[in-house]
Amino acid sequence: MIFLITNPAYIQTPEGLSGWVGWFALLGLISFLLLRMWRFQQPLDRRKWLILLVLALLVPITSLIIPGIQFNTAGSITGIELTQNLSSLPLIFFPALPWFLAAGFLGPIPAAILALFSGLLVALWSTHNPFYPLEMIFLATLLGMMMYQNYRTLFFRILAHPLMAAFLLSLVYPVLFILDSLFMAGNSLAVRIDLALAQVGRSSLGVGISMLLGGMITEVVAVTRPARWGSQRALQPSPAESKLAARFLYGMAPLALILLVVLVVGDWFVAGRAARQMLEGRMASVGKMTAQSITPFLETGEKFISNLATEPVLSEGTTEEVSELLALRVRETPFFNQLVYLDANGIPLAGYPLESLDSIILSPEELDGINLSPTIPVQHFSVDPGPGAPAAIISFLTGVKDETGRFHGVLIGRSDLSLNQYFKPLQTILQSMPEVEGEGILIDENGFILFHPEASKVMLPYDGKLKAAPFFYNEALTDGTQKIVFYTPSSGGPWAVVLKVPARYARQQALDIASPLLGIIVVITLIAVIFFRLGLRAVTASLQILAVEADHMAHGQFERPLHIGGEDEVGQLRRAFEKMRASLKARLDELNRLLVVSQGVASTFDIEGSMQPILESAVAIGASSARVIMAPAIVPVLESNAQAPLHFGCGSATDMFSYLDEQILLLSRQQERVILTSLTRPRIFDFPPGSSRPQALIAIALRHENLFYGSLWVAYELPHQFTEEEVSYLVTLAGQAALAAANVRLFLTSEIGRQQLEAILASTPDPVLVTDQLNQLLLANPAAIQILGPSIEAGIGKPIEQIINQEKLIYLLRSSANEKGSAELVLQDGQIFLATASTVQAEGKRMGRVCVLRDITQFKELDALKSDFVSTVSHDLRSPLTLIRGYATMLQMVGDLNEQQKGYLQKIIGGVEKMSHLVNNLLDLGRIEAGVGLQLAKLPVSAVIESVINDFQLQAAQRRVKLSTEILQKSLPLIEADQALLQQALHNLVENAIKYTQSGGEVTIGLQLHPDHVIYEVRDTGMGIAPADQQRLFEKFYRSTHKGVEIERGTGLGLAIVKSIADRHGGRVWVESQLGRGSVFFLMIPIHQSHHAR
């Protein structure tokens, strides 16, 4: 905050035309990238607008308020004169954080806006650089491109990570900073390069740290919030995957860029080193020349002052004589510009030029030297000339003695270096340094500056490095630039020479040296890129043409041949494509012909019509004749006079070669394939005199399912070599011919069978109905039409529900059961038919039903007469049987009976009871079949089960059979039924189960509940029932002939009564059983009875 308050906010404008051109060029590049990135920008909803607002409020905090590292740097880069103004600039850590977050959450455009905001704030208070906001927008745009690209390759997936993107942006920024700096500074190119290189490290450090910190924080956010980060679009192939040119470019670009950078950097390094060596050589030459001139200059001064001190006038003459001598020597010798003579006590006696002796002011060094003059021959000192003097004054001091050696005084000679003619060569050399924008400095033994281009620095202490030997070093300036400094002491003297040249001069020299080579490199690079692009375009264009041709081939367009040229890889690929096109065209033509053949085979059952397209396809490959000869009697015929072989031919020479049919047919029976490319040598065929001979021939046997049908043979009038493709093609045609012959044979066979079946059905007196798997009527014989009416004949192909009004017959025909089913049908005229239906199956699939109706009217009448007789007899037998049983039981009351009499009596009573039981069953069955109305009542479904269980519990226990129930449902409904009849039906089933279950077995009564009916189950573990017996099990008086059944005596009426009771209730009864595993009887009773049952 103190920094913000104490430093003014401003942004410097670009200097000169180049500055504005660079600024607008960068702005244009950013605008272009943003327009390209607009397609990645998603619409901002309310939540995203809120995030943008929060990040915008965060920008001032992260850009200006959060503390960073404070260091000194130049205020801006606008020119050398401005870089001398230093200001304390902070290195802020998190200015990039808001637009890093915006790039991931919101997209490239919001990131660029926040980067502009942050860049303006930093530029106002820190860098003052007009390019800095644009640099931040450029980096934010690149970041948005990295975050929102959705390419699937590993490189682009890694590039989408914020930390990796931050690292790459840190590498991009130094290059961007140098380019901007070249446009920013308004000086020569060398000056701009020097200033850019001077400050790129410090600026890149600050931006790089902020980028990496922002990248690390946003990397954590991206990992924890992947569903909201970056682009959520589906991954797509990268440009390198989509285009071959892009793949070459991406593969070669890094290598070419590295090579270009190495060449440019190497050229710049070599040129810079050469320029520095040249500059250092020149500086060393100038410095050494100057240093070598210092000692002669000082020796000359010492010699002049020593010779003057030996003049007798100084020790013997008057003051006037001494003054005249001094004036004479000053005028004669252009070395000293002031001579002063002092006595032994240091009091001035004479001098020239001198206004008065009181005006002489001695420096401290001179006063010290007076005391040492008796012992030291000659001394020299540096004297401050005063403000504004261009050079220092050198004072030479020596003692004056007479011939006897007696000390008389001190002679001082002062020389202004700026006026000394003997110093002019040195001054000229030192003043030549501005030609290289440098400066020459002369330093005395105490480190004070004797000569400097800037007069204000004369006699100031030199703040540079000092050594006893010559050396070079770089001196850093306050604006970040450097100077090359050469220090060399004078040989044998106390002084030293310092030469300083700005490093930018060396860079300018390096630029002058490197520019031609750099230009050549750039030109060669451009030429290489152009040639590479053209060469790559030639290759890719050829590949694109091949891709287009391949696409045409993929769409079945094989008519256009490819242009073949060149012997290189592309040319070879073209030839391969052309061969593939020709081969595919030939295969397609073959397939088309085979399609026509298959359509012809499938479209007709006429043998000649089936063979014609086969023969035409065989001739299409260039044959002169194609023939098919059929074996005798292989195809059934309807006429008895058509047993000769069938011949079919096609082609220009088919009639000329037809005499070979019989021989080829005989040969094909023995060989599957006969291929002859020359018929002149082998003696296989007998050629009649004067007949035409084929030059090449192939014959293929026609076989289908191991049955020989005949032969397909193709002949050529000219010599011909059969290729594998031709042989394979003809074999396929032969297969089609064999299939056609087999189809015709099957059709004719089935047609004959159909005609025979039709004759049989027409002659049978029983009505016959046939349906398909969709329950549509397929066939009805004349008897069925006569019995069921003419609507049956008109209803062929229609659903049976629309043409038949007998519900039982419809149910029988629609049944999906595989077993036979039967039902009695009563027609309107009173006729009664027994309908028996069975399922027609093929390969395990239901194909329909066949129903045969047999007229049983007469049998029904006889059965009625029998039932009446049985009923009458049974009724008449009840009274005698009752009397017999009564008197038989009373015999025991007459008197005691012996054991034999008791046995006879028990047999009489047992026989009477069996006769009574039989009579009762016959009467019950007669009553049920007579259609006496049901005594219906609502009763619980479990009541019947409980009653039967109670009746048979004792009997089951006596036979050691476990009797139990299995009712899983808790809530049982009421059922509408005749309780007595239903109880009798279940009674008969349980009685049979107990009777035919061995000791230790089990009988279980179960119950199944359904929405509209209930099913009683009686399950036993008895001996089981044979499948043959199951079909007639519910017929009256039928008993199984199984060995175990004969032990238990019965009447054969129990199950018939059960079936009659089930039928009277609108239900049914059936059995599932296996020998040795027991049986399950099912009794299905509707919950509600129909009006007819009532």
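No value in this document is a laboratory result; all are computed from the given coordinates. Since this is a predicted model, take the numbers as computed values, not measurements. Glycine also receives a Cβ, built like all others from the backbone with ideal geometry; neighbour counts cover every protein chain displayed.
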Tell me, Kirkwood radius of segment 276-505 from alpha-carbon pair distances, in Å?
18.7 Å
Projecting each Cα onto the charge dipole of the chain (Lys/Arg +1, Asp/Glu -1 at the beta carbon, about the Cα centre), which of Thr882, Thr857, Pro940 comes out farthest on the positive side?
Thr882
Quick check on my link table: of Lys303/Lys401; Lys424/Lys483; Lys288/Lys424; Lys457/Lys500; Lys467/Lys500, which ones sit more than 18 Å apart, alpha carbon to alpha carbon?
Lys424/Lys483
Calculated Rg and Dmax of the Cα atoms in Å (choose from (1) 28.0, 84; (2) 33.9, 117; (3) 64.3, 215), label
(3)
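Let me check I've understood the local charge: for Asn743, count other residues with C-beta under 15 angstrom from its C-beta, Lys and Arg +1, Asp and Glu -1. What total comes out?
Cβ neighbours under 15 Å give a net charge of -2.
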Compute the separation of the alpha-carbon centres of segment 989-1018 and segment 646-678 and state it in Å as a whole number.
75 Å
Which far-off residues, 5 or more places away or on another chain, put their amide H under 5 Å from the one on Asp343, with H placed in the peptide plane?
Leu349, Val410
Give the dimensionless ratio obtained when the Cα radius of gyration of segment 933-1094 is divided by 2.2 N^0.38 Å.
1.01
The farthest towards the positive end of the charge dipole of the chain, of the residues Val458, Gln736, Phe297, given +1 on Cβ of Lys and Arg and -1 on Cβ of Asp and Glu, is Gln736
Over what distance in Å are the Cα centres of segment 357-386 and segment 787-827 separated?
152 Å
With each run of n ≥ 4 DSSP H residues scored as -39500 (n - 2.57), what mean residue ellipticity at 222 nm is computed for the chain after dividing by its residue count and rounding to the nearest 500 deg cm²/dmol?
-17000 deg cm²/dmol
Rounded, prolate or oblate: which fits segment 605-750 when a ≥ b ≥ c are the square roots of the eigenvalues of the alpha-carbon gyration tensor, with rounded for a/c under 1.5 and prolate only if a/b beats b/c?
prolate
Expected sort for 516-526, 1073-1083, 795-805 on mean C-beta neighbours within 10 Å, highest first, is 1073-1083, 795-805, 516-526
Could you state the angle between the C-alpha long axis of helix 857-894 and the longest principal axis of the C-alpha atoms of the chain, as a value from 0 to 90 degrees rounded to the nearest 10?
70 degrees
Any of Lys860/Lys907; Lys798/Lys1036; Lys860/Lys1059 with alpha carbons more than 28 Å apart? Name them for me.
Lys860/Lys907; Lys798/Lys1036
When the Cα centres of segment 297-319 and segment 421-439 are compared, how far apart do they sit, in Å?
31 Å
If every Lys and Arg gets +1 and every Asp and Glu gets -1 at its Cβ, then about the Cα centre segment 933-1094 yields a dipole, in debye to the nearest 20, of 240 debye
Could you state the angle between the C-alpha long axis of helix 503-554 and the longest principal axis of the C-alpha atoms of the chain, as a value from 0 to 90 degrees rounded to the nearest 10?
20 degrees
Mean Cβ neighbour count within 10 Å, used as a protection proxy, ranking 541-550, 374-383 highest first
374-383, 541-550
Quick check: the angle from helix 1054-1064's long axis to the longest principal axis of the chain, C-alpha only, nearest 10 degrees?
70 degrees
Over all distinct Cα pairs, what is the inverse of the mean 1/r for segment 401-444, reported as the Kirkwood hydrodynamic radius in Å?
13.6 Å
For the chain, give the magnitude of the charge dipole about the Cα centre (Cβ charges: +1 Lys/Arg, -1 Asp/Glu; no others), in debye to the nearest 20.
4060 debye
